[in-house]
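Just so it is clear, none of the values below were taken in a lab; they were calculated from the coordinates. Predicted, not measured: the structure shown is a model, and the values here were computed from it. Here Cβ is always computed from backbone atoms with ideal geometry, including for glycine, and neighbour counts include all displayed protein chains.
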Amino acid sequence: MTIKRFLVLCLMMSICGGFFPIQSAEDVKPTTREMNLLCWQEFQELVPARIQTVLLPVGSLEPHGVIPSGTDNLAPEAMARDIAASVNALIAPTLNYGITPAMKAFPGAVSITPEAYAPFVADILENLADNGFRNIIVLNGHGGNTAVLKEVTVQVANEKKVRILVVNWWSLADDITKEVFGENGGHAGNNETAYIQAVYPEHIHFERYTKEMASVNPPAGAFFTVPVTSSIGLYEEGQGYPTFLKDQAEEYFQKVNDRVVALIQDVLQKWDLAGVYR
C-alpha cells in the first residue's frame, strides 16, 4: 500500500468513526461526580451543558453519643454520593462546620457564629451559581444551621436568579423513622445512628453506649440549658434509643435517600414547569 492510499484510508476511517467512535455528550459519563476530584477542563465540559445541578452537603462538628462527632457532615456527604447520579448532579465539597453554641463545651465540638457563617455560605452559593449551576441543592445535616440557611438562600436565589432547595433530611424522613423503628427518633438517636452505621459501621462505638447517656428534649418553650445535658437528645419520652441493628440501618439509609431523590426530582420538575430562572 502506498503512503498516499494509506493516508486516504486513515482519513475515511476517521470520518466514519473507525478510529474515533463518535459519542454524543449524553453518552459520555463524568469521570467522577465530586468537584474535589474533577479537573477544571472536565468541569468546563460538564457545566452547564450536561450538568446543571449541584449538591452541597453542610453540617457541623459536635458530639453525637457514641457515633462520630462529624455525623452532621458524614450523613449528607454519604447521601450526596449515593444520589448524585440519580439526579444528574455534581457534589460540591462539604462545609464541615456549623452553628452549635449549645454543644460548644463538649470535647471536640466547633461552633461558628451566625455572623461568620452566613456570609461564608452566601459566598459558596454565589460562586456555585457563577460557575453555571442552575439548581443548588443544599443537603443540610444540622438543625442549628437551618435559620441562617433559609435567610441566606432566599437572598442568593433572588440576587443570582438561581434555584435553591434546602433539605433537612431528618425532618423529611420523620415518617420513615417511625416506619422503620416503630417510634420517633432523636439527635444521635435511632435514626441518625442507623444512617451513619450503614456507611461507617466501624466507627459506631456501641460498647460505650448506655441508656443513661440520653435525655428527652424539653417541650418547646419549657426550659433550656447551656451546655445541653446530653449528646443524645430524644424527641419523645421512651423513644429513639439507638438500636444498632445492621438490617435496620441499611433499610433506613436506602429509604431516606430514595425520599430525598423523589423530592429533588419533584422540585426540579415543578421549577421547570413554572419556567422560573431557566
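Suppose every Lys and Arg Cβ carries +1 and every Asp and Glu Cβ carries -1, with no other charges. What dipole size does the stretch 28-269 come out with about its Cα centre, to the nearest 20 debye?
440 debye
Using a ≥ b ≥ c from the Cα gyration tensor of the stretch 76-138 (square roots of the eigenvalues), is it rounded, prolate or oblate, where a/c under 1.5 gives rounded and otherwise the larger of a/b and b/c decides, a/b for prolate?
oblate
For the stretch 28-269, what relative contact order do you get, as a whole percent, if you take Cα pairs closer than 8 Å and at least 6 residues apart?
22 percent
Of Ala109, Ile67, Pro242, which is farthest on the positive side of the dipole of the stretch 28-269, counting Cα position, with +1 on Lys and Arg Cβ, -1 on Asp and Glu Cβ, and the Cα centre as origin?
The residue sitting most towards the positive pole is Ala109.
Residue by residue through the stretch 250-256, what is 3J(HN,Hα) from phi via Karplus (6.51 cos²θ - 1.76 cosθ + 1.60, θ = phi - 60°)? Round to whole Hz and write x for glycine and proline.
5, 5, 5, 3, 5, 5, 5
When a/c reaches 1.5 or more, the comparison of a/b and b/c decides; with that in mind, is the stretch 28-269 rounded, prolate or oblate per its Cα gyration tensor?
Verdict is prolate for the stretch 28-269.
I'd like the Karplus ³J(HN,Hα) series for the stretch 132-137: coefficients 6.51, -1.76, 1.60, θ = phi - 60°, whole numbers in Hz, and an x wherever there's a Gly or Pro.
Ordered by residue, 3J(HN,Hα) equals x, 6, 9, 10, 10, 10 Hz.
Based on DSSP, what percent of beta bridges with both residues in the chain are antiparallel, to the nearest 5?
Around 15 percent antiparallel, to the nearest 5.
Could you compute the net charge surrounding Tyr200? Neighbours are other residues with a C-beta less than 15 Å from the C-beta of Tyr200; K and R count +1, D and E count -1.
Computed value for this residue: -4.
Compare the Cα positions of Gly182, Pro201, Ala84 along the charge dipole of the chain (+1 at Cβ of Lys, Arg; -1 at Cβ of Asp, Glu; about the Cα centre) and return the one farthest towards the positive end.
Farthest towards the positive pole: Ala84.
Report ³J(HN,Hα) in whole Hz for each residue of the stretch 200-212, in order, from the Karplus equation J = 6.51 cos²θ - 1.76 cosθ + 1.60 where θ = phi - 60°; Gly and Pro get x.
Per residue, the Karplus-derived 3J(HN,Hα) values read 10, x, 6, 10, 9, 9, 5, 5, 8, 7, 9, 4, 5 Hz.
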